[in-house]
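Q: Have a look at this one.
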Amino acid sequence: MSREHRRARRVAVSLPVVIESIGQPAVALHPAVEAVYRRIVPDATSIGRVQPGAIRDLSTNGAFIGCEPMPLLARVRLSFELPAYGAVDAVGWVLWCREADCEIPDALGDPVPLPRGIGVLFEAMPLEARQVVAKMAR
């Protein structure tokens, strides 16, 4: 039985990426709405930080990026080249991070390396790029 719980198929890749922490733009709300409105507040401690990484795992919904970890709930811009598509600019949210490299055993007890990095859920990515990723993951 598969232990995969993701909704979108993913593909293992090795794509250089530039990650920039961009934060969330301010939203002006009507006072009546503001009184009853709650939203997630993105981490602002890393805004403006730009760093390289490598996309290791890609789906239409998100990616695992091997890199220096960023804070949880940081809103990030990703810039990378997608084969058969070209330059992609995407926006996403850091939903989890692995703060250091580690290993876990596979079914035979052999070590499987897991690199440090971040899990990003895409907020925005061009539809055509998502279609290319879907084809790659088939």
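Q: Among the residues of region 73-93, write down those that are over 11 Å from the mean Cα position of the chain (by Cα) and of a type outside the set (S, T, N, Q).
A: To start, the set of residues in region 73-93 that are over 11 Å from the mean Cα position of the chain (by Cα) comprises 79-89.
Within region 73-93, PHE80, GLU81, LEU82, PRO83, ALA84, TYR85, GLY86, ALA87, VAL88, ASP89 qualify.
Q: If you don't mind, there's one more thing I want to ask. Of all residues in region 1-38 being closer than 18 Å to VAL91 by Cα and assigned to a loop (DSSP other than H, G, I, E, B), which is modelled with the highest pLDDT?
A: ILE22
Q: Regarding region 95-114, can at least one residue be identified that is surrounded by 14 or more Cβ atoms within 10 Å (Cβ to Cβ) and assigned to a loop (DSSP other than H, G, I, E, B)? Give the steps one after another, and end with the answer.
A: Filtering region 95-114 down to residues surrounded by 14 or more Cβ atoms within 10 Å (Cβ to Cβ) leaves 97-98, 114.
Filter once more, so that each one left must be assigned to a loop (DSSP other than H, G, I, E, B): none.
Checked region 95-114: no residue is surrounded by 14 or more Cβ atoms within 10 Å (Cβ to Cβ) and assigned to a loop (DSSP other than H, G, I, E, B).
Q: On to the next question. Answer yes or no: is there a residue in region 26-47 that is of a type in the set (Asp, Glu), within 27 Å of VAL133 (Cα to Cα) and surrounded by fewer than 16 Cβ atoms within 10 Å (Cβ to Cβ).
A: No, region 26-47 contains no residue that is of a type in the set (Asp, Glu), within 27 Å of VAL133 (Cα to Cα) and surrounded by fewer than 16 Cβ atoms within 10 Å (Cβ to Cβ).
Q: What single numbered condition from (1) of a type outside the set (A, V, I, L, M); (2) in contact with a strand residue (DSSP E or B) (Cβ under 8 Å, 6 or more places away or on another chain); (3) within 20 Å of MET125 (Cα to Cα) fails to hold for SER46?
A: Condition (3) is where SER46 drops out.
Q: So the check is Cβ under 7 Å with 6+ separation or different chains; which pairs have a first residue in region 16-32 that's within 14 Å of ALA124 (Cα to Cα) and a second one that's in a loop (DSSP other than H, G, I, E, B) and of a type in the set (S, T, N, Q)?
A: Every condition considered, no pair remains.
Q: Another one. Could you identify the single residue in ALA54, ALA84 that is at pLDDT below 95, among the hydrophobic types (A, V, I, L, M, F, W, C), under 25 Å from GLN131 (Cα atoms) and surrounded by fewer than 21 Cβ atoms within 10 Å (Cβ to Cβ)?
A: The unique qualifying residue is ALA84.
The values are calculated or read from the model by the stated rules, or taken from the named source; none is laboratory data. Given the structure is predicted, the values throughout are model-derived calculations rather than measurements. Cβ: placed from backbone, ideal geometry, glycine included. Neighbour counts: every protein chain shown.
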